[in-house]
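Values quoted throughout were computed directly from the atomic coordinates according to the rules given, and no laboratory measurement underlies them. These numbers were taken from a predicted model, which means no experiment stands behind them. Note: ideal-geometry Cβ built from the backbone for every residue, glycine included; neighbour counts use all protein chains shown.
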Amino acid sequence: MSLLVVENLGKSFGGVKAVDGIDFSVGAGELLALIGPNGAGKSTTFNMVNGQIKADRGSVLLGNHELVGLPPRAVWRLGVGRTFQIAETFQSLTVCENVQMALISADKQLFSFFKRATHHALGRALDLLALVGMRDQADRACSELAYADVKRVELAIALANTPQLLLMDEPTAGMAPGERNALMALTKQLVTDQGIAVLFTEHSMDVVFAHADRIIVLARGRLIAEGSASEIRDNLKVQEVYFGSGKTFEKSKLKVEGIA
């Protein structure tokens, strides 16, 4: 059963149709990758689902809730978590305090600079950090962390509102190959264990083909393909969009990227 259902979603900027009437769905416990070349409409689609951009037409249903027209905070409160291409954390706060700040918002508590975040939901914050393998670094400042660990903290923050749907925008950007696959393997485990639906955009094809349960491909604002990793890899239209006519996803290239 689909948790998120997107129908006839469209957005234009001036005379340019950034997203042109696309349909897709994501089920609980599924990792759906949204890919496409630059300018395909991925970011616009992502931001319409999250409420950062208002759709011109169409529907984004999370269960029985229509998300189109809602601001990002309202979307978040309905159970949609998000990570960003560039990790967003409070660098001067500790790892644990960053998660506690998210829990303050999730619990609809008022934040005060005169009341330290360390007084709120410490046990829950530590449990979230344990989920992402950062429990032993809870007391370190985020400014001291390696970038891969900052991305793990961001994932814990995104889980603070116990999301049904997790949106991940270029989750492995700036990470080494081993770090990329470790983060996505962790995400896959969380999806399996907690039944979270994940929609993610990604430029690293090794990550997409290795970890996505299903892939949708956009080009010039339109959905041109949908299927498993093998179906997308062999799709002639996708190959043409990425590489031009006559070129394919060469097996040697896929081996280098860890796909084949």
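Quick notes on this structure:
- Residue among V19, V49 that is buried (at least 22 other Cβ atoms within 10 Å of the Cβ), of a type in the set (V, I, T) and over 26 Å from T187 (Cα atoms): V19
- Condition met for V153 (buried (at least 19 other Cβ atoms within 10 Å of the Cβ) and out of contact with any strand residue (DSSP E or B) (no Cβ under 9 Å at 6 or more places or on another chain)): yes
- Answer residue from segment 171-218, given it is of a type in the set (D, E) and assigned to a helix (DSSP H, G or I) and is surrounded by the most Cβ atoms within 10 Å (Cβ to Cβ) among those: D206
- Among the residues listed as F84, F46, the single one being of a type in the set (F, W, Y) and in contact with a Ser or Thr (Cβ under 9 Å, 6 or more places away or on another chain): F46
- Strands (runs of 3 or more DSSP E) completely within segment 1-63 that count 1 or more residues being free of Cβ contacts under 8 Å to residues at least 40 places away in the same chain and closer than 23 Å to T162 by Cβ: 2-13, 16-27
- Filter result (assigned to a loop (DSSP other than H, G, I, E, B), more than 21 Å from L61 (Cα to Cα) and small (G, A, S)) within segment 71-108: A87, S92
- The set of residues in segment 219-230 that are touching a residue at least 12 places away in the same chain (Cβ under 8 Å) and in a helix (DSSP H, G or I) contains only A229.
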